[in-house]
Amino acid sequence: MKTLAYFTAAIAGTLLAAALLAYPVYLGVHALNPDWAFHRIASRLWLVLVIAATWVLGRRLALSRADFGFGVPRRRFRRDALTGFVAGIVSMLPVAAMLALCGTRPLVWVGTGRLLHLVLSGLLSGVAVSVVEETLFRGLLQGAVWREAGDSRIGRTLAVVGVAVFYAALHFLARVSIPPSAVNPYSGLTLLASVGDDFLHFGRIGDSFAALTAVGILLSLTRLYTGSIALAIGLHAGWVMVMRITVGTTARPPDAPYAWLASASDGFTGWLVFAWTAALILTLLAGWRPASLGMAPRRR
C-alpha cells in the first residue's frame with residue numbers, strides 16, 4: 001500500500017540519519033550526564049526524527065484528529081486512558097508473578113527507597129513511552145493505513161497486523177549496548193548493523209518478536225474497538241510500569257529451569273508474554289461486536 005510505503009521510507013531514512021548524527025549528539029549530551037548510554041541517546045534521537053518525519057507525512061496526507069486517534073471528547077479520552085492504565089497493571093501482574101514463582105526472575109531485596117524509585121521511574125517512563133509510541137503507531141500510522149484501506153475486514157486486518165509488525169521490529173533498535181570506551185564516529189552505524197544481524201539470526205529474538213507483535217495486535221484492536229488511542233495509551237503505560245518494576249526487583253539466573261519463558265534479548269518479553277497476550281486477544285475477540293466499532297476514519 002502507498003501509505004505503508006511512505007512510512008517505510010520515512011522510517012528507513014530517519015534510521016540512517018540517526019545513525020549518522022548519533023555520535024555528535026552523544027558528544028554533547030554525554031557531557032551533561034555520563035550515565036546516559038550511547039544506544040539510549042541514539043534511540044531517543046531516532047524517535048525525535050521519526051516523529052518529526054511522520055508528522056510532516058501526516059500533514060501531507062491531510063490526516064485529521066480522528067485519524068490520529070484523538071477524535072473523541074476529552075473527558076472520555078481521559079477516562080479510557082485511566083481505565084487502560086489500571087487494566088494494564090492488573091493484566092501484567094500475573095505475568096510478573098509467574099516469572100517470579102517459576103524462578104525465571106526470582107525476587108531480590110531492593111529496599112523501600114529503591115522500590116519507590118522504581119515505581120516512580122516506571123510510571124514516568126510508562127507514560128512517556130506510551131504517549132509517544134501510541135501516537136506514532138496506533139495513532140498516525142494505523143489511522144493512515146486504516147483510512148487508505150477502508151473500514152472493511154481486509155482494511156482492519158492490514159491496519160492491525162501491519163502496524164503490529166512494524167511496532168515489534170522497531171523495538172530492537174536499543175537492544176545492543178556499546179560501552180563508553182568503545183564509542184566512536186561509526187557507533188551509530190554499528191547499532192544499525194546489529195539490528196540487521198538480529199533479524200539474520202532470528203532464532204535469538206523470535207520469542208521477543210512474537211510477544212511484541214501480539215502486544216501490538218492487542219493495542220491496535222483497542223483502537224478499532226474504541227475509536228481512539230486512549231485505551232492503548234493506558235494499557236501500554238501500565239504494562240511498561242509493571243515490566244520496569246519487575247526487572248528492577250528481580251534477578252535473572254542464567255541456569256533457571258524455565259529461563260525460556262523470558263527472552264534473552266530483554267529478560268521479560270518472550271513466550272510467556274506471547275501466550276498471555278494471545279489469550280487476552282482471544283478474550284477481546286470473543287466479545288467483539290461490529291456495532292462497537294466507532295469513529296472509523298472516512299475515506300477521502
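Exactly one residue among V145, V108, V95, V129 is of a type in the set (V, I, T), more than 27 Å from L224 (Cα to Cα) and touching a residue at least 60 places away in the same chain (Cβ under 8 Å), and that residue is V108. No other residue among G58, G88, G69 is crowded, with 18+ Cβ neighbours inside 10 Å, in contact (Cβ under 8 Å) with a residue 24 or more places away in the chain and within 20 Å of S125 (Cβ to Cβ) apart from G88. Scanning segment 26-52 for residues that are surrounded by 18 or more Cβ atoms within 10 Å (Cβ to Cβ), over 18 Å from the mean Cα position of the chain (by Cα) and not hydroxyl-bearing (S, T, Y) turns up just one, F38. Put simply, of A18, A96, A81 the only residue that is more than 24 Å from L123 (Cβ to Cβ), among the small types (G, A, S), buried (at least 17 other Cβ atoms within 10 Å of the Cβ) and touching a helix residue (DSSP H, G or I) at 6+ places or on another chain (Cβ under 8 Å) is A18. Could we say that R74 is modelled with pLDDT of 85 or more, exposed (fewer than 15 other Cβ atoms within 10 Å of the Cβ) and out of contact with any Leu (no Cβ under 6 Å at 6 or more places or on another chain) here? Yes; evaluated as a whole, the condition is true for this residue.
When we screen G113, G122 for residues that are surrounded by 21 or more Cβ atoms within 10 Å (Cβ to Cβ) and at pLDDT 90 or above, the only hit is G122. Of all the criteria given as (1) in contact with a helix residue (DSSP H, G or I) (Cβ under 7 Å, 6 or more places away or on another chain); (2) under 30 Å from G248 (Cβ atoms), the one not satisfied by W146 is (2). I'd like to know if segment 125-137 contains one or more residues that are assigned to a loop (DSSP other than H, G, I, E, B), crowded, with 23+ Cβ neighbours inside 10 Å and at pLDDT 90 or above. The answer is no, given that none of the residues of segment 125-137 is assigned to a loop (DSSP other than H, G, I, E, B), crowded, with 23+ Cβ neighbours inside 10 Å and at pLDDT 90 or above. Residues in segment 210-258 that are aromatic (F, W, Y) and in a helix (DSSP H, G or I): Y225, W239. Pairing each residue of segment 243-256 that is touching a residue at least 12 places away in the same chain (Cβ under 8 Å) with any residue that is acidic (D, E) and surrounded by 15 or more Cβ atoms within 10 Å (Cβ to Cβ), provided the two are 6+ apart or on different chains, yields C-beta distances under 9 Å for M243/D266; V247/D266. Here A214, A149, A159 are screened, and the one residue that is of a type outside the set (S, T, N, Q), more than 25 Å from T277 (Cα to Cα) and either crowded, with 22+ Cβ neighbours inside 10 Å or modelled with pLDDT under 80 (or both) is A149. D197 passes every criterion in (1) acidic (D, E); (2) in contact (Cβ under 8 Å) with a residue 12 or more places away in the chain; (3) closer than 26 Å to L45 by Cβ apart from (2).
The values are calculated or read from the model by the stated rules, or taken from the named source; none is laboratory data. In this text, all values refer to a predicted model and were calculated from it rather than measured experimentally. In this analysis, Cβ positions are derived from the backbone assuming ideal geometry, glycine residues included, and neighbour counts consider all displayed protein chains.
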